[in-house]
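Computed from the coordinates by the stated procedures, all read-outs in this text should not be read as laboratory data. Since the structure is predicted, the reported quantities are computational estimates derived from the model, not experimental observations. Cβ placement follows ideal geometry from the backbone for every residue including glycine, while neighbour counts extend to all protein chains displayed.
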């Protein structure tokens, strides 16, 4: 097995590359192992998994517990207030190999069945796109019997998010076993049961089972791939903090004829205050807001290489020009944000009254970065508000506050939704994954490397318990309608997901 | 009857002053004539008068038609789509005298009975304030039999707004007749039937009956007196215009993690746009907004003389410092306003989502002045918005708009609620009213003269049909709970109202 050599193993076309020692699984072999899991996949999708119903969660756990045991894993259901998480590990781990903990989640978003183009979101349906961009059903027996078009999709809740990656891993283990190829790593798996509820207990459960979960790195298989469907590697995600800014006017709404021009208008003042925080180009003007983020030339190069079609993005959003926080989309996501996610003062539309409102509220969300956490950013905002002459109160201002201070506001904040988390782009885990994926799919196009995604996932909570490096390897199509009606999984992604995982598992770290 | 002389007429203590030839009615005489109308007043208050029910309006019209005829007036119900207005005039008008048209309205606001501290807002209740600032009922028979405490109040819908002034005028005519004193003017009366609905048809009805209504001046008896309860004269009121400003972002709300820092936030942009229109001191910064208002030294002197207790107003409102549009409250009301009466973008509170909103709306109301009408002011605002780089669209922006213009907004406006109206403070009608009231109550304290009140009443629509000068002479206590639950009329004001009207009717113009 030379550097570019090929050789076949019984029953599967495999390629080994010495550079990372990953073993490549051909598309046709991957399709074959994927096919073996489709009936199981459909059965899994028939199990409702909204974590609001613990009994439903337990059915999914039991099903997957059996599925991993069938592949020779030793399993343990980790106690979590009636909604256990599932742990699985291969017995007789090779101490010379590194251990990778794969994180996925078995719970799903709630459903609103009437919004779906199928009878029941819990009854998966195979579909193909027709010429007029609509979808028509395909008999799933075809899929089970070995026919597959990569463009076919399985529609159903959690078909992509996040049951598909679990099934891809099971198919991968089947392929490993059948091919007899040596693993490069020891595999452990943790299946979260409350990810769609914000993973409120993942940290607690993982901390309580630290010895069991002990591993060298964590691979998170969640979220969508890059829109191009190129192999995608994500090194971090922003965190989230929320704040509420309320500016107070008079005690009660006032007649705008008798008090307009006299009693200060809190909506106007809120507007002025918000305007003082950001320029028209979308850049935060509060001193220090972006200062802690230092992008290297290497970072910028990797980000510029992400094949984002920004013209297409802008067209889809319906905007002529993006904010100028970064030179491109990827760069913009590296900085903390300060976003007005909701704003209200008195009423608009049918209920509008000719008054001077008594208060005005802006709901803010701040996306944080590892360098600029929620505490740092919210303090900057708070100090800025005070510098604009505001006296900050807790709750409604008292009569005494009102008599003493011209400008009254309250500013409350909380970090909810997780902290930012990042793995350096040159960390070994990243190199390992990048090389494995390059070997699985070739160097052109190269895997997409995303330094930090803009959204917040509970990465920090997951990795904090074990304090090991991580990388996010999303495996599902970007247009999967995640969280919404008509969630779907593209079969081409399912098969490529098996190829990706096969390379990771066979590649020494 | 020399300049300072007194003499009595049978049955009433009257004083005539040559300066304006008004005849003064003593408080005790006024109380006596007022008393004669209380049973009628109570009966009138028992007639529901929300103009949404035309049959109710007609009952009030019939009642008052009879009341005016009983006082020798000739009446005519003016057709108004089933809700007639009532016209009344004295027959045999003296052509040597000027004719004054008194405007009042017989309709009232809707009621929410459960908000009232009495069984039925349409069953008037006499009450007195107890030591603990609560109210207890007083047998109304006392009032009918001649006992009266000026602090007693009659509670009921329209007890003040605006049935009391109608009854005061009837009591005045009774006093004139009983005293045999010569009138100084000919009296005509128009009773609006839809004032609380914005007088949508007053102009049409008055224009259709121009000959009948022909008069030299109009006296409007509506609205509350100055808070001090001093005799009050109002020379004008601001007009009202409404505008809606919508700033557009992306086509749909976006995930704030994935698009915060990239897709422009319309709430933020709306804030910046509003902030560009007004300073933190509440002054509009759009060039030209205040320029047309020219206050003379005489105007300022009269305004400074209004006994507003601004410290008390600010304490009541709960503000430490008013906006700086004028040097005092009265001056602030002389200028046009630009008020954010409502603002909204996405949701706040329980329904808040972590999104970049797709649009943001500010509902504005602009109070206009005779010098700066709705068209002038809204055009200034519109031009200002365009100068900030916005492309204005009608309705939702098209895809083409979105592709071409970075900043998109819509700005719609309408003048609804009436134009501003003003009578010069040195006009004869003002002098006549001021002198009459000074003679009725003495020179200290002098009647309060308000150049222009901040709120909008349909004065412009009323006076426009006849194109004659007007003055507003409010007669009811400022704390009457107008439009709200527990509307009430203070008996001292009722009696003083009779004195005021008596002076006006006996004073030649």
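General observations
- On Cα atoms only, tilt of B:54-70 relative to the major axis of chain B in degrees: 30
- Among beta bridges that DSSP assigns inside chain A, antiparallel share in %, nearest 5: 70
- Modelled spin-label separation between residue B:285 and residue A:134, with each label point placed 7 Å from Cα along the Cα-to-Cβ direction: 5.5 nm.
- Taking Cα atoms only, the orientation of helix B:374-387 departs from the longest principal axis of chain B by about 20 degrees.
- Global form of segment B:279-320, assessed from the alpha-carbon gyration tensor, a/c cut-off 1.5: oblate
- Relative contact order of segment A:290-429, defined on C-alpha pairs under 8 angstrom at six or more residues apart (%): 19
- Segment A:431-498 and segment B:342-394: distance between their alpha carbon centers, rounded to Å: 43
- Fully extending the segment from residue B:467 to residue B:94, taken as 0.36 nm per residue of separation minus the present Cα-Cα distance, adds 132.1 nm.
- Distances in nm from residue B:97 to the matching label points in the other copies, shortest first (labels 7 Å along Cα to Cβ): 11.3
- Cβ-derived FRET efficiency at R0 45 Å, residue B:379 paired with residue B:212, nearest 0.05: 0.70
- Expected 222 nm ellipticity per residue - DSSP helices of 4 or more, -39500 (n - 2.57), all of chain A, to 500: -9500 deg cm²/dmol
- Relative contact order %, segment A:223-335, counting alpha carbon pairs below 8 Å whose residues are six or more apart: 22
- Three-way shape label, segment A:30-154, alpha-carbon gyration tensor, a/c 1.5: oblate
- Within the protein assembly as shown, percent of DSSP bridges classed antiparallel, to nearest 5: 70
- Using a Förster distance of 56 Å, the FRET efficiency for residue A:305-residue A:69 (Cβ separation, nearest 0.05): 0.85
- Note on chain A: Rg/Rh from C-alpha atoms, Kirkwood Rh, equals 1.03.
- Nearest-first distances (nm) between copies at residue B:301, label 7 Å from Cα via Cβ: 8.2
- Residue mean of other protein chain beta carbons inside 10 Å, A:322-335: 3
- Whether the protein assembly as shown is rounded, prolate or oblate, judged on the alpha carbon gyration tensor where a/c under 1.5 counts as rounded: prolate
- Spatial offset of segment A:147-165 relative to segment B:64-130 amounts to 75 Å, using the alpha carbon center of each.
- Length-normalised contact order of chain A in % [C-alpha pairs under 8 Å, at least 6 apart]: 26
- Taken over the alpha carbons of segment A:303-396 as equal point scatterers, the Debye sum produces base-10 log I(q)/I(0) values at 0.11, 0.19, 0.20 Å⁻¹ of -0.55, -1.07, -1.10.
- Packing here is the average count of other Cβ atoms within 10 Å per residue, and on that basis the peptides B:261-273, A:117-129, highest first, run B:261-273, A:117-129.
- Fewest-first ranking of B:255, B:483, using other Cβ atoms within 10 Å as the exposure measure: B:483, B:255
- Order by protection proxy (mean Cβ within 10 Å, highest first), peptides B:60-69, A:291-300: B:60-69, A:291-300
- Segment A:170-198 and segment B:210-268 have Cα centres separated by 64 Å.
- Nm distances between copies for residue A:70, ranked from closest, using label points 7 Å along Cα→Cβ: 9.6
- Simple label model, 7 Å out from Cα along Cβ direction - residue B:401 to residue A:401, nm: 4.0
- For the pair residue B:481 and residue B:324, label points projected 7 Å from Cα toward Cβ lie 4.0 nm apart.
- Helix B:428-441 vs. chain B, principal-axis angle (Cα, 0 to 90°, nearest 10): 60
- Cβ neighbours within 10 Å from other chains - mean over B:356-367: 5
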